[in-house]
């Protein structure tokens, strides 16, 4: 029984530090999925930026709908992450770097100072 408990503990430690599937998807995979979630929002943001005031007025409802849909998609992704503490902080750092590479427009939108 003690050997079984030690094996479970070792597996848990390895999973946390290796960010195994039970800890969630890799930072690269998460960044790609976030980019997919945000694609309609980024497209709509571009439309809004180049629209005339009258066109913007007509696009506002669609913009709100797309924003809500994209945010729900991204919130659902975050539920896949089962890490805490230092492991979560390391994951977030890796995710930010992956997002900057995979989806620079989204990265800039979420982190305007970087």
Note down the nm distance, to one decimal, between modelled labels 7 Å out along Cα→Cβ at residue 55 and at residue 88. 4.2
Starting with the highest mean, order 49-59, 35-45 by the number of other Cβ atoms within 10 Å, averaged over the residues of each peptide. 35-45, 49-59
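Each value in this text was obtained by applying a stated rule to the coordinates, not by laboratory testing. All of these numbers come straight from a predicted model, not from anything done at the bench. With ideal geometry, Cβ positions are generated from the backbone for all residues, glycine too; neighbour counts draw on all protein chains shown.
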